[in-house]
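Every read-out reported here was derived from the displayed coordinates using simple, explicitly stated rules and does not represent laboratory data. Worth saying up front: this structure is predicted, and the values here are computed from it rather than measured. Glycine also receives a Cβ, built like all others from the backbone with ideal geometry; neighbour counts cover every protein chain displayed.
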Amino acid sequence: MATDAPPPSKGQHKLPSPEEFTEVQESAEFAELRRSYRSFAFPLTIGFIVWYLLYVLLSNYAGDFMGTKVVGNINIAFVFGLAQFLSTFLIAWWYSHVAAAKFDPKAEAIKSKMEGGA
């Protein structure tokens, strides 16, 4: 059976039981991690989707506006398209920065506790 694993040897971590996973999932520490992640990721995701849909809707229904020249042959649609790429990279960088500073230490503490580290 999978639950009849031998005890961990030196340098290895113990495997948490299903009951331990449930206990951690119901803990205040895990709830705080989940709340902080959701309060960051959900609004950012919704904001990006709105921004993307605005671009698509303007492209479909506001052709004259999107065709307005900004400089030379560069129009508003082109600028918005480039802004989509820029915002995607900025969001990815921001998430990576916030995750490393805020989410990863909390997750590592939970993982360490579950594996018997502390």
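Quick notes
- Using a Förster distance of 25 Å, the FRET efficiency for Glu20-Ala41 (Cβ separation, nearest 0.05): 0.45
- Between Ala99 and Asn75, the modelled label-to-label distance comes to 3.7 nm, taking each label 7 Å out from Cα in the direction of the beta carbon.
- 0 to 90° range, to nearest 10: angle between helix 76-98 axis and the chain longest Cα axis: 20 degrees
- Integer Hz, Karplus 6.51/-1.76/1.60 couplings in order for the stretch 57-72, x for Gly and Pro: 5, 4, 5, 7, 10, 10, x, 5, 5, 5, x, 4, 6, 9, 9, x
- Close amide H contacts of Asn75 (hydrogens built in the peptide plane, cut-off under 5 Å, sequence separation of 5 or more or a different chain): Val70.
- Stretch gain in nm, segment Ile91-Trp51, where the contour uses 0.36 nm per residue and the Cα spacing is subtracted: 13.2 nm
- Note, ³J(HN,Hα) from phi for the stretch 14-19, Karplus 6.51, -1.76, 1.60, rounded to Hz, x at Gly and Pro: 6, 8, x, 7, x, 5
- Net charge of the neighbourhood of Ala77, taken over other residues with C-beta under 15 Å away and scored Lys/Arg +1, Asp/Glu -1, is 0.
- Dipole magnitude of the chain about its Cα centre (Cβ charges: Lys, Arg +1; Asp, Glu -1), debye to nearest 20: 400 debye
- Length released on extending from Lys106 to Gln84, taking residue separation times 0.36 nm less the Cα-Cα span: 4.8 nm
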